[in-house]
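The values are calculated or read from the model by the stated rules, or taken from the named source; none is laboratory data. Everything numeric here is computed off the predicted structure, so don't read it as measured data. Quick reminder, even Gly has a Cβ in these numbers, built from the backbone with ideal geometry, and neighbours come from all protein chains shown. Keep in mind that these areas ignore ligands, DNA and RNA; they rest on the heavy atoms of the full protein, side chains included. Shrake-Rupley method; radii C 1.70, N 1.55, O 1.52, S 1.80 Å.
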Amino acid sequence: MTKVKIAPASPDDWQWILANSESVGGPTVVSRGILHTLAEHAGFVATDHGERIGFAILRFSEDDPELLAIASVTQRRGVGTELIKHCEDICKANNHARIWLCTTNDNLGAIRFYQRRGYSLSELRSGAFEEVKRLKNIQGEIVGDFGIPIRDELTLEKHLS
């Protein structure tokens with residue numbers, strides 16, 4: 001694979017991001033009990049030879065930036081790592097000392113992915129997925145990866161230096 005190119009999302013890129021957002025929970029995601037619309041935040045698209053291969057969504061607020069979503073068309077090719085590095089570099093350039101994100105208790109692959117890139121578990125919100133279901137009008141129990149019922153929200157963070 002050649003060097004991944006990452007650029008801010010264009011209007012055409014946003015159509016692609018939203019059409020491919022199901023792997024991150026759809027065009028809206030919930031973190032810490034707040035519903036976020038992906039298209040209202042900073043989006044970045046990874047390309048290889050002009051083909052879109054991944055995206056990341058970064059939310060800036062009064063606090064440290066939050067990585068709302070990250071997705072790659074293919075796994076284990078370095079796309080996610082490049083997208084995270086790009087987001088971290090943007091945060092550093094804007095004098096942020098930390099970046100954080102939320103995921104669910106079943107998402108073991110993501111938890112492993114982030115920890116291997118220097119992120120630490122910083123918070124467990126037991127039962128928080130009930131609020132997600134309420135905000136997104138989801139009924140019943142949701143079973144996620146490896147047959148694990150989705151119940152909790154985990155926060156991971158990385159201190160930037």
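Data table
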{"read-out": "Elements of type strands (runs of 3 or more DSSP E) in the range 4-68, at least 2 residues being open to solvent by 40 Å² or more (accessible area, probe 1.4 Å)", "value": "5-8, 34-37, 51-59"}
{"read-out": "Residue within the range 72-89 that is modelled with pLDDT of 95 or more, within 24 Å of Ile150 (Cα to Cα) and of a type in the set (S, T, N, Q) present", "value": "no"}
{"read-out": "Selection count, the range 110-141, where residues are under 21 Å from Ile57 (Cα atoms), touching an Asp or Glu at 6+ places or on another chain (Cβ under 8 Å), of a type in the set (Gly, Ala, Ser) and open to solvent by less than 30 Å² (accessible area, probe 1.4 Å)", "value": "0"}
{"read-out": "Qualifying residue in the range 75-96 (condition: under 24 Å from Lys136 (Cα atoms) and free of Cβ contacts under 8 Å to residues at least 60 places away in the same chain)", "value": "no"}
{"read-out": "Residue ranges of helices (runs of 4 or more DSSP H) in the range 72-161 with at least 2 members more than 21 Å from Pro27 (Cβ to Cβ)", "value": "79-93, 108-116"}
{"read-out": "Which numbered condition Ile148 misses (of (1) touching a residue at least 40 places away in the same chain (Cβ under 8 Å); (2) buried (at least 17 other Cβ atoms within 10 Å of the Cβ))", "value": "(2)"}
